[in-house]
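The values are calculated or read from the model by the stated rules, or taken from the named source; none is laboratory data. Everything numeric in this text was worked out from a predicted model, so none of it was measured. Cβ coordinates were reconstructed from backbone atoms using ideal geometry, including for glycine residues, and neighbour counts include every protein chain displayed. We work out accessible area using only protein heavy atoms, side chains counted, and drop any ligands, DNA or RNA first. Shrake-Rupley method; radii C 1.70, N 1.55, O 1.52, S 1.80 Å.
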Amino acid sequence: MKQRLEFDRWLPWVSSVCSGLLLAVAFPPLEWKESVWIGLVPLLLIVRAAPPRRAFTLGFLAGMAFWLFSVAWLRHVTHAGWVTLAAYNALYTGAFACIAAWWFRRFGATRILVNLLFMLVASVSWVALEYLRSTLFTGFPWNTLAISQYVVAPIRQLAAWSGVYGLSGLIVLFNAGIAVTLLRYRER
């Protein structure tokens, strides 16, 4: 029983880091582009039961894992700049997790229409946060989720019609769809 409690205490933190790492490995040098299609699922699953403040912290941790690996080259220039830039960008992932947690607390995850709306809200929220990150305070437009798909020709063609933010939105829509399907199955 004690081991189970210990496992439950660490599970959100480990899931959060795993989510960040799944997103990070989709970008160079590894370029495991498929991982971005499930990268947000662990984060969305753990924020289901989290209050917004804790969800923000879990999202921030996922963002730190993602950004520390994504801009690791900066450590050769300045360690302080590397960590500061990662922390700044992780704030946006924290905000996304907070929005998701608020939605789940308010509406749950058991009704089909609510889940479809969540998928849309999650997608729009992520895209809005990516856009803000890319433009606010001189912007940092690196590593939008869509950029990880630059080598996949059929998916890359979607960006010709929807732009990079439309493709990022599609990726988040897919992640949210998997997450709410798993949550609905578990909660029923």
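Here ALA65 clears all of (1) open to solvent by less than 20 Å² (accessible area, probe 1.4 Å); (2) under 16 Å from ILE178 (Cα atoms) except the condition numbered (2).
Of LEU145, LEU113, all but one fail to be more than 18 Å from PHE60 (Cβ to Cβ) and at pLDDT 95 or above; the exception is LEU113.
Restricting attention to segment 31-47, the residues that are part of a loop (DSSP other than H, G, I, E, B) and open to solvent by less than 50 Å² (accessible area, probe 1.4 Å) total 2.
Taken over segment 167-188, the residue count meeting the criterion of being hydroxyl-bearing (Ser, Thr, Tyr) and open to solvent by 70 Å² or more (accessible area, probe 1.4 Å) is 2.
Taking first residues from segment 90-118 that are at positive phi and partners that are in a helix (DSSP H, G or I) and modelled with pLDDT of 95 or more, the Cβ contacts under 7 Å between residues at least 6 apart in sequence or on separate chains come to GLY108/VAL114.
Determine whether segment 68-77 contains at least one residue that is within 30 Å of ARG186 (Cβ to Cβ) and either part of a helix (DSSP H, G or I) or out of contact with any Leu (no Cβ under 6 Å at 6 or more places or on another chain) (or both). Please lay out each step first, then the result.
Looking only at segment 68-77, we keep the residues that are within 30 Å of ARG186 (Cβ to Cβ), and these are 69.
Imposing the further condition that a residue be either part of a helix (DSSP H, G or I) or out of contact with any Leu (no Cβ under 6 Å at 6 or more places or on another chain) (or both) reduces the set to 69.
Looking for residues that are within 30 Å of ARG186 (Cβ to Cβ) and either part of a helix (DSSP H, G or I) or out of contact with any Leu (no Cβ under 6 Å at 6 or more places or on another chain) (or both), one finds at least one in segment 68-77, hence yes.
Does ALA55 fit the bill of being open to solvent by less than 10 Å² (accessible area, probe 1.4 Å) and either under 20 Å from TYR92 (Cβ atoms) or in contact (Cβ under 8 Å) with a residue 60 or more places away in the chain (or both)? When the stated conditions are applied, ALA55 passes them. Does SER125 qualify as being surrounded by fewer than 19 Cβ atoms within 10 Å (Cβ to Cβ), polar (S, T, N, Q) and either at pLDDT 95 or above or closer than 22 Å to GLY39 by Cα (or both)? Taking the combined requirement at face value, the residue does not satisfy it.
Selection over segment 130-161 of residues that are on the phi < 0 side of the Ramachandran plot, polar (S, T, N, Q) and not in a helix (DSSP H, G or I) gives a count of 1.
Give the residues of segment 135-166 that are of a type in the set (A, V, I, L, M, F, W, C), in contact (Cβ under 8 Å) with a residue 24 or more places away in the chain, open to solvent by 20 Å² or more (accessible area, probe 1.4 Å) and closer than 27 Å to ASN115 by Cα, sorted by residue number. Full working, then the answer.
Here is the first cut: in segment 135-166, the ones of a type in the set (A, V, I, L, M, F, W, C) are 136-137, 140, 142, 145-147, 151-153, 155, 158-161, 164.
Next, only the ones that are in contact (Cβ under 8 Å) with a residue 24 or more places away in the chain stay: 140, 142, 145-147, 151-152.
Those still in the list that are open to solvent by 20 Å² or more (accessible area, probe 1.4 Å) too: 140, 142, 147, 151-152.
Passing the criteria: only ILE147.
The set of residues in segment 3-30 being closer than 17 Å to SER148 by Cα and either in contact with a His (Cβ under 7 Å, 6 or more places away or on another chain) or open to solvent by less than 20 Å² (accessible area, probe 1.4 Å) (or both) consists of SER19, GLY20, LEU23, ALA24, ALA26, PHE27.
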